[in-house]
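Just below is one structure, and these are the notes that go with it.
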Amino acid sequence: NKIGVIFDLDGVIVDTAKYHFLAWKDLADHLGFEFTETHNELLKGVSRVRSLEILLDIGKVELSEEKKQEFLISKNEHYLQYIYKMGPEEILPGAAELLDTLDTLGIQYVLGSASKNAPLILKQVNLFDRFLGIVDGNSVSKAKPDPEVFLIGAEKLNLQPEHCVVFEDAIAGVEAANRANMISVGVGDKKTLHESNFNFNNLTEIPDNFFTEVISE
Ligand code: B16
Ligand code: MG
C-alpha cells in the first residue's frame, strides 16, 4: 500500500502571497484604485492571468490586450524583486520537518503549484532538489480548480490518484484535489477549507502517525 504527496507552494511551503500583494497593489495604485489584503485573498491559488482579470474587475478598469500583457510582465518583474531576496528562513513552520518525515517514511513527493515561478522560489529556499518532480504554471493548460495539475503530479509519482495526498491552502486547490479523486488536506482556516478531507491550521499540527493512518485507511 503505497502513497505519495503533492504539495501546493504558496501558502503551504512558503508565503509568497505577501509579495504578490505588494506587486498587485503597486499596479492598482498606478491605475488609481484601492487594493486591500482582503482583495488579495481572492488571488490565492489563482493563475497570474486570472489574477489580473480579478484585479481589474475590483478597480472596474478595462484595458486593451496589449496593456494587459504589459502589466502582466511588469507585475511579475516587480514580484521577482522580492523573490530574489528570499532565503530558507522563509520556509513556513513545519514544512521542512514534514519533508524530513516523508523522507524517513520513504514517501515520495512532488510540487503542484499554479506559479510559473515555482522552480525559482524552491531554489531560493533550498528545497528544489528535494522534490521528485515539479508541476507548475508552465506545465498545465487548465488552472485549479481543474484537477490537471495534480493528475500530472500523480503521473510523476507513478501512483493512482486515490493514493495521492494533496496539501493545499486555497479553496480552488482543495476542489482540484477532490475532483482528481485524491486525499485533500486543507492547510489553514477550517471554515474556508471545509471541503477538504483533513484540515490543519499549519504544517506543525500534522501528527507523526498521520501518513501511517492514511495508508491503513
Ligand atoms: P505566478 P500556488 C499561486 O501559487 C499563487 O497562490 C497565486 O496567488 C498566483 O497568482 C499563482 O501562483 C501564479 O503565480 O505569477 O508566480 O505564476 O498557491 O498555486 O503555489
Ligand atoms: Mg496556495
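FYI, it's all coordinate maths here, none of it is from the lab. The model shown is predicted, which means the values in this text are computed figures rather than measured ones. All Cβ positions, even for glycine, are placed from backbone atoms using ideal geometry, and neighbour counts span all protein chains on display.
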Q.
Tell me the angle of helix 17-31 to the major Cα principal axis of the chain, expressed in degrees between 0 and 90 and rounded to the nearest ten.
A. 10 degrees
Q) Pairs of lysine in region 68-194 with Cα under 22 Å and at least 8 positions apart or on different chains: total? A) 18
Q. For Ile13, Ile91, what's the fewest-to-most ordering of other Cβ within 10 Å of each Cβ?
A. Ile91, Ile13
Q. Could you state the per residue volume, in Å³, of the convex hull enclosing the Cα atoms of region 43-165?
A. 124 Å³
**Q.** For the chain, convex hull volume per residue from C-alpha positions, Å³
**A.** 113 Å³
Q: Treating only the Cβ atoms of Lys and Arg (+1) and Asp and Glu (-1) as charged, compute the dipole magnitude of the chain about its Cα centre; round to the nearest 20 debye.
A: 400 debye
